[in-house]
Amino acid sequence: MGKKMENRNYYRIQDVLPILVNKIDKETKNIKSRVIAGFMVAPTEIRPEEGENAVHPKVWALLMEMNAKLNLILEKLNMEGEGLGQAETKPVDLSEGGMRLNTVEKYEPGDLVEIKLLLGQCPFSAIALYGTVVRVQPLSPQEFEVGITFLEMEEEVHEVLWRYILDRQRGMVRRRQERKLDPESEA
């Protein structure tokens, strides 16, 4: 019997990410993927004024530290508002076209799902995607492997996901090359 050949249009990565997956009504209209606001903000460097209005460097450093802490608090509140505070960190097989994950929730092929992912990169990103369950494989009576194909996504979301996958792939290649160059890792 011949070997099964996989035909994939996207690169895949295996990662461990905070994720929320919720089944939604198939009749839901106007669902659109989105970047969750508040997470695509790159840190900005604000420079103090010079001259007469100059702020003492130590005071400026304290103000910048307070600003960073306030940003963290606001991001945490935003995370909670999106439900990401309850996100479970899970291993996933992720591509631009879909994902595979193990879950205790029972899904059926054809189910419509909302997926919220927290992507750990700089800047930190969170995205909401929608997809259709295409495969459910029981692993045990309480656990299932679920394959999801993403529905059409907004360009901005696609860019965030593509960039994340590319960065993760680069990191994996870099680590693999470093192991080859390090004779101690062979031992």
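Summary table
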{"item": "Conditions (1) without any contact (Cβ under 8 Å) to a residue 40 or more places away in the chain; (2) within 20 Å of Asp93 (Cα to Cα); (3) among the hydrophobic types (A, V, I, L, M, F, W, C): number failed by Leu181", "result": "(2)"}
{"item": "Residue within the stretch 84-91 that is of a type in the set (Val, Ile, Thr) and either surrounded by 15 or more Cβ atoms within 10 Å (Cβ to Cβ) or modelled with pLDDT of 90 or more (or both) present", "result": "no"}
{"item": "Residue, farthest from Met99 (Cα to Cα), within the stretch 1-19, restricted to residues that are aliphatic (A, V, I, L, M) and at pLDDT below 50", "result": "Met1"}
{"item": "Scope the stretch 20-49; condition at pLDDT 80 or above and not in a strand (DSSP E or B); matching residues", "result": "Asp25, Lys26, Glu27, Thr28, Lys29, Asn30, Ile31, Lys32, Ser33, Ile36"}
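The values are calculated or read from the model by the stated rules, or taken from the named source; none is laboratory data. Just so it is clear, the model here is predicted, and its values are computed rather than measured. Every residue, glycine as well, gets a Cβ built from its backbone with ideal geometry; the counts of neighbours run over all protein chains shown.
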